[in-house]
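Take a look at the structure below.
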Amino acid sequence: MMSDLTNLTITEARDLLAKGEASSKELTEAHIGAMESARSLNAFITETPEKALAMAEASDVRRKAGTAGLLEGLPIGMKDLFCTEGVLTTAASHILDGFHPTYESTVSQNLWNAGAVMLGKTNLDEFAMGSSNMTSHYGGVESPWRKAGDNRPLVPGGSSGGSAAAVAARCALGATGTDTGGSIRQPAAFCGIVGMKPTYGRCSRWGIVAFASSLDQAGPMTRTVRDSASMLRAMAGYDAKDSTSVNAPVPDYEAAMTGNIKGMKIGIPKEYRVDGMPTEIDALWLKGIKWLEEAGAEMVEISLPHTRYALPTYYIIAPAEASSNLARYDGVRYGLREEGATLDEMYEATRGKGFGAEVLRRILMGTYVLSAGYYDAYYNKARKVRSLIAGDFAKAYQKVDAILPPTAPSAAFGMGDKMDDPIAMYLLDVFTVPASLAGLPGISIPAGLSQDGLPLGLQLLGKAFDEETVFKVAGVLEEAAGFDAKPAFLAA
Amino acid sequence: MSVDKETVAKIARLARVRVDESHKEALAKELSNILGWIEQLSELDTDGVEPMTSVVSMTLPLREDKVTDGGYPDKVTANAPEAAHGFYAVPKVVE
Amino acid sequence: MALIKGKTGEWEMVIGLEVHAQVISKSKLFSGASTEFGAEPNSQVSLVDAAMPGMLPVLNKYVVEQAVRTGLGLKAQINLTSVFERKNYFYADLPQGYQISQFLQPIVGEGTIILDLEGGETREVGIERLHLEQDAGKSIHDQHPTQSYIDLNRSGVALMEIVSKPDMRSAEEAGAYLRKLRTILRYLGTCDGNMDEGSMRADVNLSMRRPGEPLGTRTETKNVNSIRFVQQAIEQEARRQIQILEEGGKIVQETRLYDGMKGTSRSMRSKEEAHDYRYFPDPDLLPLELDAAWVEGIKAGLPELPDDKKARFVKDFGLPVYDAGVLVADRDTAAFFETVAEGRDPKLAANWVIGDYFGALNKSGADLHTAPGDAKKLGGLLDLIADGTISGRIAKEVFEEMWENGQEADAIVESKGLKQISDSSEIEGLVDEIIAGNPGQVEQFKGGNEKILGWFVGQVMKATQGKANPGLVNQVLRKKLG
């Protein structure tokens, strides 16, 4: 179901509200209706319609009084990894059953301070670990896209699958995601929307359920690049409560989108042309190169020689940090508690029952690579390789302003596929993980369709804290690509 | 690197996660596969490379020594599965 | 070196101590919650201390300063770069499921402590390292039949873990180490050292060996909360290990608990399996970089430490080493003494402070700050002794009065008429009277009994209610008796 009010961009909706042509209440009601109609997608774990209406009404009052924030009155989805005060927060896990935080995450608070309205908590892979949203305790999310002539449900990608599906299905004007190895960019590519992971340290991690501390970053998921720029501006900023938060001013990202990229140097990393890459992805990549060249940018072949070690490096570091971050889920202070005769039995029963299979796998992996005798061979080795990977980018950025890789090595696949082979799932992150390891900003924009009519994305990676360049080039790429396909779900 | 059932049991114990006996064999295989895959890192010569401590280039921020937090015991125990007299309650631990 | 004689020969104790000292600070190591002692359960707990989802640590600058200060007080190397690591294990009082500590790169490196032993002997003991870490919460096991209660007030309070080298060889040395360390920490104001309150706890590492042989297997006795118990635990554990070794057995490397009330120790069940802490640098924190100039600034601001103060008291005041040692054991006491000694005979001052003043303090259970007699008043009393207004003996009477009702010494002397009689004609008159009235004793003296002089002195004292100047009395008696 798509009404006039739900098929807007953030920019358009903002104008509408500013001109008084609609109220936040009307806008929010329309989106609540869309959210309810899209329940078959299972994009939301918790819908918060009453809260949304209350926030919308308050927003309309503020607007009448003359104050309007950056996202005033705009209804968005909040990935259920962000702690929201008084609202069930689950991280899509059984182990956080019944957890109602008594506090609000910094990023979500920033959005409410900017006037945004919360439609609900979107679904995700459990504890943000996954690339398909199939591991959620609340069931998988169905992509609003279908292959041409095929009715099989497809995955939206992950871990921010619920947010991606909600935005693609026009249930929300935008939604928050988190990206640790690609969890914003990859689902954005699968769902034909824009997903942005900012530089590590740009957004605060305080109040976001931690997965891998040195990699996690919050970011916006929207339908256009301009929307992404305005949403990131509202989300980002220094937070003294997060010791990894960088104290740098947040620029006006929208203003940076001048549309002029003449003379800019765009790096094409030769190692990203992997074996077995589908031809249609390669073809799209070449199209992207052409579009940027036509806009006046210069393509430069670069080498990121340690690219092929990025995935194994990530799959040592992330599980290691996760195994420690998830130790607090023990049934003592919140969430699920399973009975046990002794404290240890209570721990083992609670965690054994509370965590899903993928989370369990990663906890065990992480525990193993940190354990006595293996620290040097695995974890410390991975940290060294990470330095090499970051070094590759640093060197490349001496020659170029941004880098253009594809986002994912395939389009969306069927729900339930690839569940038997964890490594096949991990390989989906091949183009997104390197930038995560280096802490660099990256955006995915929908650039074309696969043979089956499914969205394919292209990425742009930037220098640290140079999101402005990323948005600028992305805006040009988006214009050139002219992606206007809509998911099958909306046609129904 | 191969991981066997006993190792799975040992790691599960370290991580305080109960793994069903029937599941241990399958997990051992899965973990061995994954470990075998990440094994490729050993091909790389990393002599003299500094392990990455952080992607952010800044110094560790320090906080003033002021009492700015705490004092809300109700909030702290609000989500506890079991609480009593302001304490968290857990199965009795015998030293 | 104290060797223990066993059935099959002599044994040497090798002792190392790990002390956990709570840092004096207003808020915790990584959270802004209060560190005050004794509050309602979970009322001094922030969301960070309770390890709620999404919480992050922020380091307390003053605690870092306190750790550096302590390191400097231990003459130790300050590491300008140090790293916080996670020590991963599960326990109900450890909400994060890990403790933020320091492992490979602690903030302080090697240092030394000088032990003050019996008979004025000293011995140097090495410090291996000092690092910062979070304290755990408290578990209460006796309030419910099937449950333990957890209070996280203490969770996250800053601890300094101070690790000695295994240089101690006797329970006496271990006691001296703890006493000295406590004094230094109190001097610096970095820890109050109150073992009975748990703000300073000791883990004892002990192994036995034949003199000259390599180190044996050690055991660890955790969380001993008094110096006396530490010494007892050492004696006990040494004997336990000797017995096992002499019977041909092997020492199991294990963690033990000492019950001070019962005087027994046992193996800790929960620690039976070897812990794999899986240390790794905490990704929520960057390495701590200290500015060398900042460290120098802290060094310049250090108070005079006990060893230096003791040496100064011996050199400048001519005090015996033992007395100086007693006075510097507490920084406030040393300051008290110096106030009393200023412009006065330091040895007299030392005798009075250590003897009479401390005696009165101990008896009444008061401490220096609540005591009725202050430094100025005591000084006033000493002045009266020094200028001969009263004798040393009378002074003791006056002191008691001072202590009882807080009056000034000269006021008491006036009101009670205790002035020393130093008028020679008065004394001579009295002596003549006594000599005249006691021919028998005069005979004895003249007969060679020197000791009877004391009897005469006593008589004069009696006649004057103790106020006669004893020196003068002796002088006059000798003159008159010949």
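Computed from the alpha carbon positions, the gyration tensor of chain A leads to an equivalent ellipsoid with semi-axes of 30, 29, 22 Å, biggest first. Think of the protein assembly as shown as a dipole: +1 on every Lys or Arg Cβ, -1 on every Asp or Glu Cβ, centred on the Cα centre; then among C:T122, A:A172, A:T122, C:T122 lies furthest on the positive end. Look at C:F358, A:F393, A:F211, A:F483 and count the other Cβ atoms within 10 Å of each Cβ; fewest to most, that gives C:F358, A:F483, A:F393, A:F211. Result for chain B in a Gaussian network model with C-alpha springs under 10 Å: among B:P51, B:P73, B:P61, the largest mean-square fluctuation is at B:P73. Near C:I78, the amide H atoms lying under 5 Å from its own belong to C:G109; only residues 5 or more places off or on other chains count, and H is placed 1.01 Å from N. Counting pairwise Cα distances across the stretch C:302-416, what percent come out greater than 17 angstrom? Counting every Cα pair in the stretch C:302-416, those more than 17 Å apart make up 52 percent. According to the Cα-based calculation, Rg over Rh for chain B is 1.16, with Rh computed by the Kirkwood formula. For the residues B:V55, B:V67, B:V17, a GNM of chain B with alpha-carbon springs under 10 Å puts the largest fluctuation on B:V67. Plainly put, the protein assembly as shown has a radius of gyration that is 1.14 times its Kirkwood radius, both from alpha-carbon atoms, as the Rg/Rh ratio. The C-alpha atoms of chain B define a longest principal axis, and helix B:5-14 lies at about 20 degrees to it. For the stretch C:424-481, the ratio of Cα radius of gyration to the globular rule of thumb 2.2 N^0.38 Å stands at 1.00. Partner lysines whose Cα lies under 17 Å from the Cα of B:K5, excluding those fewer than 8 positions away in the same chain, are identified as B:K24, B:K29. Give the range of the longest stretch in chain A that excludes all GluC sites (Glu not before Pro) found in loop regions by DSSP and having at most 10 other beta-carbon atoms within 10 Å. By the stated rule (loop sites, at most 10 other Cβ atoms within 10 Å), A:22-338. Compute the whole-percent fraction of alpha carbon pairs in the stretch A:326-400 spaced more than 17 Å apart. Every Cα pair in the stretch A:326-400 considered, those over 17 Å come to 62 percent.
Our compactness index for the stretch C:1-98, the C-alpha radius of gyration over the empirical 2.2 N^0.38 Å, is 1.57. Placing unit charges on the Cβ atoms of the charged side chains and taking the dipole of the protein assembly as shown about its Cα centre, the candidate lying farthest along the positive direction among A:L284, A:L74, C:V163 is C:V163.
Relative to the longest principal axis of the Cα atoms of chain C, helix C:424-437 runs at roughly 70 degrees.
Taking the longest Cα principal axis of chain C as reference, the axis of helix C:331-341 is set at about 20 degrees.
Panel note: the C-alpha atoms of the stretch A:211-316, placed on their principal axes, show extents of 45, 40, 25 Å (largest first).
Between the stretch C:168-219 and the stretch C:278-316, the C-alpha centres lie 20 angstrom from each other. Between B:A83, B:A28, B:A12, the GNM of chain B built on Cα springs shorter than 10 angstrom shows B:A83 fluctuating the most.
Distance from the Cα centroid of the stretch A:191-260 to that of the stretch A:21-81 is 21 Å (rounded to whole angstrom).
When the P(r) is computed for the stretch A:259-385, the part past 26 Å accounts for 52% of the Cα-Cα pairs. In plain terms, the residue of C:Y357, C:Y322 with the fewest other Cβ atoms within 10 Å comes first and the most crowded comes last, giving C:Y322, C:Y357. Averaging 1/r over every pair of different alpha carbons in the stretch C:4-298 and inverting the result gives a Kirkwood radius of 20.2 Å.
Counting beta carbons within 10 Å around each of B:H85, C:H369, C:H131, C:H20 and listing the fewest first gives the order C:H369, B:H85, C:H20, C:H131. Pairs spanning more than 29 Å between alpha-carbon atoms, out of A:K290/A:K486; A:K381/C:K61; A:K51/B:K75; C:K5/C:K315; A:K121/A:K384: A:K381/C:K61; C:K5/C:K315; A:K121/A:K384. Applying both filters, DSSP loop and at most 14 other Cβ atoms within 10 Å, to the trypsin sites (Lys or Arg not before Pro) of the stretch A:250-357 gives A:K262, A:R273. Could you work out the relative contact order of chain C, using alpha carbon pairs under 8 angstrom and six or more residues apart, expressed as a whole percent? The value is 14 percent.
Across chain A, C-alpha contacts under 8 Å between residues 6 or more apart give a mean separation that, scaled by the residue count, equals a relative contact order of 18 percent. What pairs from B:K10/C:K87; A:K79/C:K87; A:K265/A:K395; A:K270/A:K463 go past 22 Å between their alpha carbons? Pairs exceeding 22 Å: A:K79/C:K87.
Just so you know, all these numbers are worked out from the coordinates, no wet-lab data involved. Being a predicted model, the structure only gives us computed values, none of them experimental. Heads up, the Cβs are rebuilt from the backbone with ideal geometry, glycines too, and the neighbour counts pull from every protein chain shown.
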